[in-house]
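Heads up: the structure comes next, in structure tokens.
The values are calculated or read from the model by the stated rules, or taken from the named source; none is laboratory data. The structure displayed is predicted, hence computed values, not measured ones. Here the Cβ positions follow ideal geometry from the backbone for every residue, glycine too, while neighbour counts run over all protein chains shown. Ligands, DNA and RNA are excluded from the accessible area calculation, which covers all protein heavy atoms including side chains. Shrake-Rupley method; radii C 1.70, N 1.55, O 1.52, S 1.80 Å.
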Amino acid sequence: MDLDELIISLCVKIVDELKALRRQSPGELLRRRGPSPKLSDAEALAIECAGEFLGIDCDKRIFAYFRRCYSH
């Protein structure tokens, strides 16, 4: 499995888990206020998980890597 497939698999799994959480607590919102984010919750969590898998332990470096290599 290459990195692209890993990220897609992570994103799909996280989306499924977030849907399950929302079914358990239908009235609860994960986000309550603030501006709309540029990334979905699933995308942000998948990036964090993939960054940890790659051994990048700093949030700034994880997001810099993905901004540089996966800005599309």
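Just to confirm, what accessible area per residue do you get for the stretch 1-45 at 1.4 Å probe, in whole Å²?
85 Å²
May I ask you to give the percent of accessible area on the chain that is carbon plus sulfur, with a probe radius of 1.4 Å?
Here it works out to 56 percent.
Using 0.36 nm per residue of separation minus the Cα-Cα distance, give me the extension gain between ASP16 and HIS72 in nm, one decimal.
Gain in length upon complete extension: 17.9 nm.
ASP4 versus SER40, label points 7 Å from Cα toward the beta carbon: distance in nm?
My value for the distance between the label points is 1.9 nm.
Around ARG67, what is the net charge, scoring Lys/Arg as +1 and Asp/Glu as -1 over all other residues with Cβ under 15 Å from its Cβ?
Local charge sum for ARG67: +1.
Report ³J(HN,Hα) in whole Hz for each residue of the stretch 18-27, in order, from the Karplus equation J = 6.51 cos²θ - 1.76 cosθ + 1.60 where θ = phi - 60°; Gly and Pro get x.
Karplus-based 3J(HN,Hα) across the stretch 18-27 equals 5, 4, 5, 4, 5, 5, 5, 10, x, x Hz.
Please report the projected area of the chain's Cα convex hull averaged over all directions, in nm².
Approximately 5.7 nm², given one-decimal rounding.
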